[in-house]
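Student: Sharing a structure below in structure tokens format, with a few things to ask.
The values are calculated or read from the model by the stated rules, or taken from the named source; none is laboratory data. All of these numbers come straight from a predicted model, not from anything done at the bench. FYI the Cβ positions are ideal-geometry reconstructions off the backbone, even for glycines, and counts take in every protein chain you see. When the accessible area is computed, the model is the full protein with side chains, heavy atoms only, and any ligands, DNA or RNA have been set aside. Shrake-Rupley method; radii C 1.70, N 1.55, O 1.52, S 1.80 Å.
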Amino acid sequence: MHLSNTFETNLINYIESFYKNFTELGFKFYSKKVGPGMSAPIELSNLHHNLEIINDRSQYFIDIKTIINNSMISFQLDLIISQIILHNLEESKKTSRKSILLGNEFPDLLKDPLKYYFLYQDEINKILFDEEFRNVYKKLQKERASFIFPKKSK
């Protein structure tokens, strides 16, 4: 068996474990791209958006793709969840932005992102088409990158 086939099989098994959830939301198979590389993406689609679920070295990533103003826009699930948590966070909480943006508040996200997708389904659908969210999303991408790749002082 080829290694890429293992990634694909694991991904299919993972997706099928949420079959009922996908069916309830009207998702259908859209595409899969399994090649000689290290990842195996499968894309599902419903009326609102597409989900690209990727198995890369036994970690799962989800990109949510939607068409806005005749352009395909892609959002990473982990940043959407970060935005939802930051938006709902009370001032009195001791959790830092850095901790949230780096995923420390949901440590199993890379092993089970579909759990979070379905848990936050209503919030995700509300903010995907919100112009303000798209602006905040770009800022969150830059802010998270600054935590991952801090500038070196001279």
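Student: So which pairs qualify, if the first residue must be in region 122-143 and among the polar types (S, T, N, Q), the second must be part of a helix (DSSP H, G or I) and surrounded by 13 or more Cβ atoms within 10 Å (Cβ to Cβ), the Cβ gap must be under 9 Å, and the two must be at least 6 apart or on different chains?
Tutor: GLN141/LEU79
Student: If you don't mind, another one. Can you tell me which residue among THR66, THR95 is modelled with pLDDT under 85, open to solvent by less than 90 Å² (accessible area, probe 1.4 Å) and β-branched (Val, Ile, Thr)?
Tutor: Going through THR66, THR95 in turn, just one is modelled with pLDDT under 85, open to solvent by less than 90 Å² (accessible area, probe 1.4 Å) and β-branched (Val, Ile, Thr): THR95.
Student: Please verify whether ASP112 is among the charged types (D, E, K, R), modelled with pLDDT of 85 or more, within 21 Å of ALA145 (Cα to Cα) and under 18 Å from the mean Cα position of the chain (by Cα), treating the condition exactly as stated.
Tutor: no
Student: Evaluate region 98-118: report whether one residue or more is of a type in the set (Lys, Arg) and surrounded by 16 or more Cβ atoms within 10 Å (Cβ to Cβ).
Tutor: For region 98-118, residues of a type in the set (Lys, Arg) and surrounded by 16 or more Cβ atoms within 10 Å (Cβ to Cβ): absent.
Student: Take the residues in region 10-62 that are of a type in the set (D, E, K, R) and more than 23 Å from GLU123 (Cα to Cα); name whichever of them is most open to solvent (accessible area, probe 1.4 Å).
Tutor: Here the residue is ARG57.
Student: Identify the residue in region 76-92 that is modelled with pLDDT of 85 or more and of a type in the set (S, T, N, Q) and, among all such residues, is nearest to ILE127 (Cα to Cα).
Tutor: Checking each candidate, the answer is GLN83.
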